[in-house]
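Heads up: the structure comes next, in structure tokens.
FYI, it's all coordinate maths here, none of it is from the lab. Source: prediction; values computed, not measured. Using ideal geometry, Cβ is built from the backbone for each residue, glycine included, and neighbour counts are taken over all protein chains shown.
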Amino acid sequence: QVQLVESGGGLVQAGGSLRLSCLASVSIDNINAMGWYRQAPGKQRELVAVIPSGGSTNYADSVKGRFTISRDNAKNTVYLQMNSLKPEDTAIYYCYANTARFRYWGQGTQVTVSS
């Protein structure tokens, strides 16, 4: 069982920055991949960024060059640095973790970008 707790969401003006954190209840050393999805009102959940335990990161086209995902295994935490935020980035952001058998989800954190 893996519990994930997100933090760092909030209200920001367009062009601003936020850093989301996702703290896992277990060591993330052996978690295959972690990442972030988001879901805006009336839209499907979409993948934002993923960071495998080894290998390169991957981003949605809409956030490339603006968002950066990173992981600190010593702190069991994954981060999403979001710069140059746009109103269309407004959504609930969910952290996830893939183990060999299951995908675990956090409860989500709201990000609202005002124009």
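The lysines whose alpha-carbon is closer than 27 Å to the alpha-carbon of K86, local same-chain residues fewer than 8 away aside, are K43, K64. One decimal place: the segment Q39-S70 gains 9.1 nm when fully extended, by the rule 0.36 nm per residue minus the C-alpha distance.
Give the value in nm², to one decimal: projected area of the alpha carbon convex hull of the chain, averaged over all directions. Mind showing how you got there, number by number?
Details: hull surface 27.0 nm².
That works out to 6.7 nm², a quarter of the Cα hull's surface.
Take the Cα of S62, go 7 Å toward its beta carbon, and the backbone nitrogen atoms of the range 21-41 under 20 Å from that spot belong to 21, 35-41.
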